[in-house]
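Let me begin by presenting the structure, written as structure tokens, before commenting on it.
Every number in this text was worked out from the coordinates using simple rules, so none of it is lab data. The model shown is predicted, which means the values in this text are computed figures rather than measured ones. Counting neighbours? That spans all protein chains shown, and the Cβs are built from the backbone with ideal geometry, glycine included.
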Amino acid sequence: MIPAILATFAYGLALTLFFFRCAPALRARPGRKALALAAVCALLHLPVAGITLLVLLRGALGDLSLVSLVLLGVFFIQHRRQSIVTLLQVRIFASLGLAFSLCGFGLLPLDPYEPGYDSAILPCLVGGLACLFWYRGNRALSLALLAALSGWRLHWLDSTNLWDYLLDVPLIIAALGHAVATRAKTA
């Protein structure tokens, strides 16, 4: 039940943010954003040809991580255009995602998912990073990491691996795209 609610909210936020990015005239009124979010979340459960859009998205992309959910929520609430993550943090997400993809396809002889199951080191590292980000003033990313740790401990998603609470395919693709686009602007 909780994974479906979180998936509805996460994909609803993502689609609503995309819609408002494409329609800048609607951004000025926060009430419209809230109504749009409610409408998109409802539309995600509307069956079309026997399948809902939410089931299709979850089947194609999987569940969004809690890090993605928190960052999408922060982007949704923000009224001004300001980055909540630095380029270095985007590159870290992109590098981790690329490494996981290479290992997943068997191109590297490592299994990075192993520490996500029962390791005591990975949660300590994530908690330490959350404290560091909080200390450095990046409250959004710190809260995202703490939400991922809390959700992992409370089993809010179907997975028992901490990495699934931290990373997901759309987050990795967005980080890689942002890193490449930023690199192209500076070159």
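Looking across segment 167-187, just one residue is within 23 Å of Tyr113 (Cβ to Cβ) and of a type in the set (D, E, K, R), and that is Asp168. Is it the case, given these coordinates, that Leu88 is without any contact (Cβ under 8 Å) to a residue 60 or more places away in the chain and over 24 Å from Trp152 (Cα atoms)? Here the answer is yes, as Leu88 does meet what is asked.
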